[in-house]
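Notes for the one structure printed next.
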């Protein structure tokens, strides 16, 4: 029991660090300097203002200086990371479970950044990918799986992008045939990216940590979850682009914990 409490505390402390990463990294700011401060009034925070979960509750979700509301994202990320650490460690109670928990926590941060900015920092993505190689003692096998998944995703990215680009180019050509003067307003070459480079790097991390079979399941689950969300955003909000990494991370978490059981039910 004490061991799991320690793992939970380790998780919420790491979650507190992730809040800094999520807030600063996309803005190009250092995650080390300056120290923790209120983003509204700029006042430097005391150590007792930075106790994970507890400080937010004691301060009633408000800055100790300017009384501005502190986003609920802070305690939710800390609590979620703590629960993630305990869940992963329960499944794999050893040092490799801790490494996997750290990787998943970094992927969680990537997912939140992707949701907000529709882009992910390469530094964070690559850190997760490299740490994933250490998620089991067989590093060479992890690397092989990672390269296979990343290579497959890179090829899929090229093929889908090529298809979407050609389809758009044919559509524009038909419009130009009806109205030749439009040729001056359209680019000569069309290249639409159907999948971001960040997704390929996340695939590398998943391949290393989950193996080929579970990664395939993770990608399938991610696509299944993303489909209704994509339709909603396209039909209700008119947005064609949908961040895929949050769904990929969710699918990976399910595959990591229940992948063997799911394949067993499927008879594979």
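Mind checking which of 211, 251, 35 has the largest fluctuation in a GNM of the chain, springs on alpha carbons under 10 Å?
Greatest mean-square fluctuation among the candidates belongs to 35.
Could you work out the relative contact order of the chain, using alpha carbon pairs under 8 angstrom and six or more residues apart, expressed as a whole percent?
Relative contact order for the chain comes out at 18 percent.
Which residue, 64, 83, 150, has the most motion in a Gaussian network model of the chain that connects Cα atoms within less than 10 Å?
Looking only at 64, 83, 150, the biggest GNM fluctuation is shown by 64.
Report, in whole Å, the centroid distance computed from the Cα atoms of region 87-119 and region 40-59.
About 24 Å separates the Cα centre of region 87-119 from the one of region 40-59.
How high is the relative contact order of region 1-88, in percent, with contacts defined as C-alpha pairs under 8 Å that are six or more residues apart?
Result for region 1-88 is 45 percent.
What list do you get for 209, 1 if you sort them by fewest beta carbons within 10 Å?
Fewest to most other Cβ atoms nearby, the residues stand as 1, 209.
What residue among 247, 204, 158 shows peak mean-square fluctuation when the chain is described by a Gaussian network model with Cα springs under 10 Å?
158
Among rounded, prolate and oblate, which fits the chain when a ≥ b ≥ c are the square roots of the eigenvalues of its C-alpha gyration tensor, a/c under 1.5 means rounded, and a/b larger than b/c means prolate?
Since a/c reaches 1.5 but b/c is at least a/b, the shape of the chain is classed as oblate.
Calculated FRET efficiency, residue 59 and residue 9, Cβ-Cβ r, R0 30 Å, to nearest 0.05?
Rounded to the nearest 0.05, the efficiency is 0.95.
If you stretched the chain out fully between residue 232 and residue 44, how much longer would it get, using 0.36 nm times the residue separation minus the C-alpha to C-alpha distance?
Value of the extension gain: 63.5 nm.
If a paramagnetic tag sat 7 Å from the Cα of residue 117 along the Cα-Cβ line, which residues of region 14-44 would have the backbone N under 14 Å from that point?
Those under the cut-off are 19-31.
Bear in mind these aren't lab numbers, they're just calculated from the coordinates by the rules spelled out. Worth saying up front: this structure is predicted, and the values here are computed from it rather than measured. Virtual Cβ from ideal backbone geometry, glycine too; neighbours counted across all protein chains shown.
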